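The values are calculated or read from the model by the stated rules, or taken from the named source; none is laboratory data. Small disclaimer: the values here were computed from a predicted structure and weren't measured. Quick reminder, even Gly has a Cβ in these numbers, built from the backbone with ideal geometry, and neighbours come from all protein chains shown. Note: accessible area is taken over every heavy atom of the protein model, side chains too, but ligands, DNA and RNA are not part of it. Shrake-Rupley method; radii C 1.70, N 1.55, O 1.52, S 1.80 Å.
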Amino acid sequence: MSTRNAASSSATPAPVASAPVAAGASPAAGGGTRGRRSLGPVGLVFAGGVSVQFGGALAVTLMPRAGALGVVTLRLLVAAVVLLVVCRPRLRGHSRTDWGTVVAFGITMGAMNGLFYEAVDRIPLGTAVTLEVLGPLALSVLASRRAINVLWAGLALAGVCLLGGGGFAGLDPVGVAFALAAGAMWATYILFSARTGRRFPQADGLALAMAVAAVLFLPLGIAESGTKLLDPVTVGLGAGVALLSSVLPYTLELLALRRLPASTFAILMSLEPAIAATAGFVVLNQALSATEAAAIAFVIAASMGAVRTQVGRGKAPKLEGN
(Lines give C-alpha, C1' and ligand atoms only; values in the text may rest on other atoms or scores of the structure.)
Protein backbone atom coordinates (compact mmCIF):
# COMPACT_ATOMS: atom_id res chain seq x y z
CA MET A 1 0.00 0.00 0.00
CA SER A 2 1.39 3.50 -0.09
CA THR A 3 0.22 6.95 -0.96
CA ARG A 4 -1.39 10.22 -0.32
CA ASN A 5 -3.65 12.35 -2.52
CA ALA A 6 -0.95 14.86 -3.36
CA ALA A 7 1.74 12.31 -4.17
CA SER A 8 3.09 12.28 -7.70
CA SER A 9 2.03 9.53 -10.06
CA SER A 10 5.58 8.32 -10.51
CA ALA A 11 6.52 8.13 -6.85
CA THR A 12 8.96 5.53 -5.60
CA PRO A 13 9.29 4.21 -2.03
CA ALA A 14 11.77 6.92 -1.02
CA PRO A 15 9.54 9.89 -1.94
CA VAL A 16 6.60 8.08 -0.39
CA ALA A 17 8.42 7.92 2.91
CA SER A 18 9.19 11.63 2.81
CA ALA A 19 5.71 12.83 1.97
CA PRO A 20 3.87 15.07 4.46
CA VAL A 21 1.41 13.61 6.96
CA ALA A 22 -1.66 15.34 5.61
CA ALA A 23 -1.28 16.02 1.94
CA GLY A 24 -2.73 19.30 0.94
CA ALA A 25 -2.53 20.78 4.44
CA SER A 26 -1.59 24.42 4.36
CA PRO A 27 2.01 25.16 5.49
CA ALA A 28 0.62 28.06 7.45
CA ALA A 29 -1.70 25.89 9.51
CA GLY A 30 -1.13 25.90 13.26
CA GLY A 31 0.78 23.14 15.02
CA GLY A 32 -2.29 22.01 16.94
CA THR A 33 -4.26 21.53 13.74
CA ARG A 34 -1.45 19.50 12.22
CA GLY A 35 -1.23 17.37 15.35
CA ARG A 36 -4.93 16.55 15.26
CA ARG A 37 -4.76 15.71 11.57
CA SER A 38 -1.80 13.39 12.09
CA LEU A 39 -3.67 11.48 14.80
CA GLY A 40 -6.67 10.88 12.54
CA PRO A 41 -4.98 8.38 10.19
CA VAL A 42 -3.27 6.74 13.17
CA GLY A 43 -6.69 5.98 14.65
CA LEU A 44 -7.82 4.54 11.32
CA VAL A 45 -4.81 2.20 11.22
CA PHE A 46 -5.39 1.03 14.80
CA ALA A 47 -9.11 0.39 14.19
CA GLY A 48 -8.23 -1.56 11.06
CA GLY A 49 -5.73 -3.66 13.00
CA VAL A 50 -8.28 -4.56 15.67
CA SER A 51 -10.81 -5.55 13.03
CA VAL A 52 -8.45 -7.68 10.96
CA GLN A 53 -7.04 -9.61 13.94
CA PHE A 54 -10.44 -10.45 15.41
CA GLY A 55 -11.49 -11.46 11.92
CA GLY A 56 -8.41 -13.69 11.77
CA ALA A 57 -9.38 -15.34 15.03
CA LEU A 58 -12.85 -16.01 13.64
CA ALA A 59 -11.26 -17.46 10.50
CA VAL A 60 -9.27 -19.96 12.59
CA THR A 61 -12.54 -21.33 13.98
CA LEU A 62 -13.90 -21.64 10.43
CA MET A 63 -10.96 -23.56 8.92
CA PRO A 64 -12.13 -27.03 10.09
CA ARG A 65 -15.31 -26.46 8.08
CA ALA A 66 -13.87 -25.03 4.85
CA GLY A 67 -10.08 -25.33 4.88
CA ALA A 68 -7.56 -22.50 4.64
CA LEU A 69 -8.02 -21.80 0.92
CA GLY A 70 -11.79 -22.10 1.25
CA VAL A 71 -11.84 -19.47 4.00
CA VAL A 72 -9.71 -17.13 1.88
CA THR A 73 -12.03 -17.64 -1.09
CA LEU A 74 -15.14 -16.80 0.94
CA ARG A 75 -13.40 -13.81 2.50
CA LEU A 76 -12.34 -12.37 -0.86
CA LEU A 77 -15.61 -13.11 -2.66
CA VAL A 78 -17.86 -11.57 -0.01
CA ALA A 79 -15.56 -8.58 0.40
CA ALA A 80 -15.46 -8.03 -3.37
CA VAL A 81 -19.24 -8.12 -3.68
CA VAL A 82 -19.74 -5.72 -0.77
CA LEU A 83 -17.15 -3.25 -2.01
CA LEU A 84 -18.36 -3.33 -5.61
CA VAL A 85 -21.96 -2.69 -4.52
CA VAL A 86 -21.03 0.07 -2.09
CA CYS A 87 -18.36 1.82 -4.17
CA ARG A 88 -19.76 1.17 -7.67
CA PRO A 89 -16.35 1.96 -9.18
CA ARG A 90 -16.17 3.59 -12.57
CA LEU A 91 -14.64 1.25 -15.17
CA ARG A 92 -13.98 3.78 -17.92
CA GLY A 93 -11.53 6.63 -18.07
CA HIS A 94 -8.56 4.80 -16.54
CA SER A 95 -5.19 4.42 -18.21
CA ARG A 96 -3.37 1.17 -18.87
CA THR A 97 -1.03 2.05 -16.01
CA ASP A 98 -4.01 2.51 -13.69
CA TRP A 99 -5.33 -0.94 -14.55
CA GLY A 100 -1.88 -2.47 -14.23
CA THR A 101 -1.59 -1.01 -10.75
CA VAL A 102 -4.98 -2.26 -9.58
CA VAL A 103 -4.36 -5.75 -11.02
CA ALA A 104 -0.97 -5.93 -9.28
CA PHE A 105 -2.66 -4.78 -6.08
CA GLY A 106 -5.27 -7.53 -6.42
CA ILE A 107 -2.65 -10.22 -7.06
CA THR A 108 -0.66 -9.07 -4.05
CA MET A 109 -3.78 -8.99 -1.87
CA GLY A 110 -4.76 -12.52 -2.85
CA ALA A 111 -1.25 -13.85 -2.31
CA MET A 112 -0.96 -12.16 1.10
CA ASN A 113 -4.26 -13.65 2.27
CA GLY A 114 -3.57 -17.12 0.92
CA LEU A 115 -0.09 -17.36 2.38
CA PHE A 116 -1.22 -16.07 5.78
CA TYR A 117 -4.12 -18.50 6.13
CA GLU A 118 -1.90 -21.38 5.08
CA ALA A 119 0.43 -20.26 7.89
CA VAL A 120 -2.26 -20.08 10.61
CA ASP A 121 -3.45 -23.51 9.51
CA ARG A 122 -0.04 -24.80 10.69
CA ILE A 123 1.20 -22.49 13.46
CA PRO A 124 -0.53 -20.39 16.18
CA LEU A 125 -2.24 -17.15 15.16
CA GLY A 126 -0.07 -14.89 17.31
CA THR A 127 3.13 -16.49 16.08
CA ALA A 128 2.03 -16.23 12.44
CA VAL A 129 1.27 -12.53 12.82
CA THR A 130 4.57 -12.04 14.66
CA LEU A 131 6.47 -13.46 11.70
CA GLU A 132 4.32 -11.72 9.12
CA VAL A 133 4.88 -8.27 10.61
CA LEU A 134 8.60 -8.54 9.83
CA GLY A 135 7.75 -7.56 6.25
CA PRO A 136 6.30 -4.14 7.09
CA LEU A 137 9.07 -3.58 9.65
CA ALA A 138 11.69 -4.18 6.99
CA LEU A 139 9.86 -1.75 4.71
CA SER A 140 9.87 0.91 7.42
CA VAL A 141 13.65 0.74 7.68
CA LEU A 142 14.24 0.68 3.92
CA ALA A 143 11.76 3.45 3.08
CA SER A 144 12.54 5.86 5.92
CA ARG A 145 15.01 8.71 5.61
CA ARG A 146 15.03 9.48 9.34
CA ALA A 147 17.35 7.72 11.75
CA ILE A 148 14.75 7.83 14.54
CA ASN A 149 12.48 5.50 12.58
CA VAL A 150 15.24 2.88 12.60
CA LEU A 151 15.15 3.07 16.41
CA TRP A 152 11.38 2.55 16.54
CA ALA A 153 11.62 -0.30 14.05
CA GLY A 154 14.37 -1.90 16.13
CA LEU A 155 12.30 -1.63 19.31
CA ALA A 156 9.29 -3.14 17.56
CA LEU A 157 11.46 -5.92 16.18
CA ALA A 158 12.70 -6.70 19.68
CA GLY A 159 9.08 -7.01 20.79
CA VAL A 160 8.28 -9.23 17.82
CA CYS A 161 11.18 -11.55 18.70
CA LEU A 162 10.16 -11.57 22.36
CA LEU A 163 6.60 -12.44 21.41
CA GLY A 164 8.04 -15.36 19.49
CA GLY A 165 9.68 -16.62 22.67
CA GLY A 166 13.15 -15.60 21.59
CA GLY A 167 13.08 -18.08 18.73
CA PHE A 168 10.79 -20.20 16.60
CA ALA A 169 12.30 -23.66 17.01
CA GLY A 170 9.81 -26.50 17.08
CA LEU A 171 7.33 -24.80 14.76
CA ASP A 172 6.19 -26.30 11.49
CA PRO A 173 8.85 -25.00 9.05
CA VAL A 174 6.31 -24.85 6.22
CA GLY A 175 4.03 -22.70 8.36
CA VAL A 176 6.94 -20.41 9.21
CA ALA A 177 7.84 -20.12 5.53
CA PHE A 178 4.24 -19.25 4.65
CA ALA A 179 4.15 -16.57 7.38
CA LEU A 180 7.41 -14.98 6.22
CA ALA A 181 6.22 -15.02 2.61
CA ALA A 182 2.97 -13.39 3.74
CA GLY A 183 5.08 -10.69 5.39
CA ALA A 184 6.86 -10.01 2.10
CA MET A 185 3.47 -9.74 0.39
CA TRP A 186 2.26 -7.43 3.18
CA ALA A 187 5.13 -5.03 2.48
CA THR A 188 4.31 -5.16 -1.24
CA TYR A 189 0.63 -4.62 -0.39
CA ILE A 190 1.56 -1.43 1.47
CA LEU A 191 3.20 -0.02 -1.64
CA PHE A 192 0.51 -1.02 -4.14
CA SER A 193 -2.36 0.07 -1.90
CA ALA A 194 -0.90 3.55 -1.75
CA ARG A 195 -0.37 3.68 -5.50
CA THR A 196 -3.91 2.45 -6.06
CA GLY A 197 -5.30 5.07 -3.69
CA ARG A 198 -3.43 7.70 -5.66
CA ARG A 199 -4.84 6.63 -9.02
CA PHE A 200 -8.45 5.82 -8.06
CA PRO A 201 -10.93 8.00 -6.12
CA GLN A 202 -12.41 6.97 -2.78
CA ALA A 203 -12.17 3.17 -2.38
CA ASP A 204 -12.78 2.41 -6.07
CA GLY A 205 -9.33 0.93 -6.57
CA LEU A 206 -9.71 -1.24 -3.50
CA ALA A 207 -13.04 -2.62 -4.76
CA LEU A 208 -11.58 -3.45 -8.16
CA ALA A 209 -8.46 -5.03 -6.65
CA MET A 210 -10.59 -7.14 -4.31
CA ALA A 211 -12.56 -8.38 -7.32
CA VAL A 212 -9.31 -9.30 -9.09
CA ALA A 213 -8.11 -11.21 -6.01
CA ALA A 214 -11.44 -13.03 -5.66
CA VAL A 215 -11.53 -14.14 -9.30
CA LEU A 216 -7.95 -15.39 -9.19
CA PHE A 217 -8.47 -17.27 -5.92
CA LEU A 218 -11.84 -18.86 -6.73
CA PRO A 219 -10.40 -21.93 -8.55
CA LEU A 220 -8.09 -22.65 -5.59
CA GLY A 221 -10.95 -22.48 -3.11
CA ILE A 222 -13.18 -24.71 -5.20
CA ALA A 223 -10.37 -27.24 -5.66
CA GLU A 224 -9.81 -27.52 -1.89
CA SER A 225 -13.32 -27.12 -0.45
CA GLY A 226 -15.78 -27.86 -3.26
CA THR A 227 -19.41 -27.85 -2.13
CA LYS A 228 -18.44 -26.96 1.45
CA LEU A 229 -18.36 -23.37 0.24
CA LEU A 230 -22.14 -23.54 -0.31
CA ASP A 231 -23.02 -24.53 3.27
CA PRO A 232 -25.16 -21.70 4.74
CA VAL A 233 -23.35 -21.66 8.10
CA THR A 234 -19.97 -21.65 6.39
CA VAL A 235 -21.05 -18.84 4.08
CA GLY A 236 -22.36 -16.82 7.03
CA LEU A 237 -19.15 -17.20 9.01
CA GLY A 238 -17.14 -16.47 5.89
CA ALA A 239 -19.09 -13.27 5.41
CA GLY A 240 -18.22 -12.25 8.96
CA VAL A 241 -14.55 -12.93 8.30
CA ALA A 242 -14.74 -10.90 5.09
CA LEU A 243 -16.27 -7.86 6.78
CA LEU A 244 -13.88 -7.94 9.75
CA SER A 245 -10.72 -8.96 7.91
CA SER A 246 -11.10 -7.32 4.50
CA VAL A 247 -13.83 -4.73 3.94
CA LEU A 248 -13.41 -2.66 7.09
CA PRO A 249 -9.62 -2.82 7.69
CA TYR A 250 -8.56 -2.44 4.05
CA THR A 251 -10.81 0.58 3.61
CA LEU A 252 -9.54 2.19 6.81
CA GLU A 253 -5.92 1.50 5.91
CA LEU A 254 -6.26 2.82 2.37
CA LEU A 255 -7.80 6.04 3.69
CA ALA A 256 -5.05 6.33 6.32
CA LEU A 257 -2.30 5.86 3.75
CA ARG A 258 -3.52 8.94 1.91
CA ARG A 259 -2.14 10.94 4.85
CA LEU A 260 0.58 8.72 6.38
CA PRO A 261 4.07 7.98 5.01
CA ALA A 262 4.64 4.30 4.23
CA SER A 263 7.44 4.11 6.82
CA THR A 264 5.23 5.32 9.69
CA PHE A 265 2.35 3.09 8.60
CA ALA A 266 4.68 0.09 8.52
CA ILE A 267 5.92 0.76 12.06
CA LEU A 268 2.33 1.08 13.28
CA MET A 269 1.78 -2.39 11.88
CA SER A 270 4.04 -3.63 14.69
CA LEU A 271 0.91 -3.43 16.83
CA GLU A 272 -0.52 -6.40 14.95
CA PRO A 273 1.12 -9.14 17.10
CA ALA A 274 -0.22 -7.48 20.25
CA ILE A 275 -3.71 -7.17 18.79
CA ALA A 276 -3.54 -10.75 17.54
CA ALA A 277 -2.57 -11.97 21.01
CA THR A 278 -5.54 -10.10 22.47
CA ALA A 279 -7.88 -11.56 19.84
CA GLY A 280 -6.49 -15.02 20.56
CA PHE A 281 -7.20 -14.57 24.25
CA VAL A 282 -10.74 -13.27 23.76
CA VAL A 283 -11.87 -15.54 20.91
CA LEU A 284 -9.62 -18.60 21.16
CA ASN A 285 -8.94 -18.62 24.94
CA GLN A 286 -5.17 -18.30 24.43
CA ALA A 287 -3.78 -16.83 27.66
CA LEU A 288 -0.87 -14.38 27.63
CA SER A 289 2.37 -15.21 29.43
CA ALA A 290 4.57 -12.64 31.16
CA THR A 291 6.95 -12.75 28.20
CA GLU A 292 4.15 -12.09 25.75
CA ALA A 293 2.91 -9.18 27.89
CA ALA A 294 6.42 -7.69 27.85
CA ALA A 295 6.54 -8.11 24.08
CA ILE A 296 3.25 -6.26 23.75
CA ALA A 297 4.72 -3.41 25.81
CA PHE A 298 7.67 -3.26 23.40
CA VAL A 299 5.56 -3.03 20.26
CA ILE A 300 3.18 -0.49 21.81
CA ALA A 301 6.15 1.66 22.86
CA ALA A 302 7.53 1.49 19.32
CA SER A 303 4.17 2.47 17.84
CA MET A 304 3.77 5.36 20.29
CA GLY A 305 7.24 6.53 19.32
CA ALA A 306 6.31 6.37 15.65
CA VAL A 307 3.18 8.43 16.29
CA ARG A 308 5.17 11.02 18.25
CA THR A 309 7.72 11.27 15.47
CA GLN A 310 4.95 11.64 12.90
CA VAL A 311 3.29 14.46 14.86
CA GLY A 312 6.67 16.15 15.06
CA ARG A 313 7.02 15.93 11.30
CA GLY A 314 3.64 17.57 10.89
CA LYS A 315 4.75 20.53 12.98
CA ALA A 316 8.09 20.91 11.24
CA PRO A 317 8.54 22.99 8.10
CA LYS A 318 8.08 21.10 4.87
CA LEU A 319 11.58 20.54 3.49
CA GLU A 320 10.72 18.55 0.39
CA GLY A 321 7.75 17.14 -1.42
CA ASN A 322 6.63 15.29 -4.51
Worksheet item: Is it true that some residue in segment 290-300 is among the charged types (D, E, K, R), at pLDDT 65 or above and crowded, with 24+ Cβ neighbours inside 10 Å?
Response: no
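Say whether the condition of being of a type in the set (D, E, K, R) and either within 29 Å of Ala211 (Cα to Cα) or under 16 Å from the mean Cα position of the chain (by Cα) (or both) is met by at least one residue in segment 136-158.
As a first pass, look at segment 136-158 and keep what is of a type in the set (D, E, K, R): 145-146.
From what's left, either within 29 Å of Ala211 (Cα to Cα) or under 16 Å from the mean Cα position of the chain (by Cα) (or both): none.
Checking segment 136-158: not a single residue is of a type in the set (D, E, K, R) and either within 29 Å of Ala211 (Cα to Cα) or under 16 Å from the mean Cα position of the chain (by Cα) (or both).
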Worksheet item: Yes or no: Gly205 among the small types (Gly, Ala, Ser), surrounded by fewer than 18 Cβ atoms within 10 Å (Cβ to Cβ) and in a helix (DSSP H, G or I)?
Response: no
Discussion item. Going by what's in this entry, would Leu84 be described as open to solvent by 20 Å² or more (accessible area, probe 1.4 Å) and at pLDDT 85 or above?
Written reply: yes
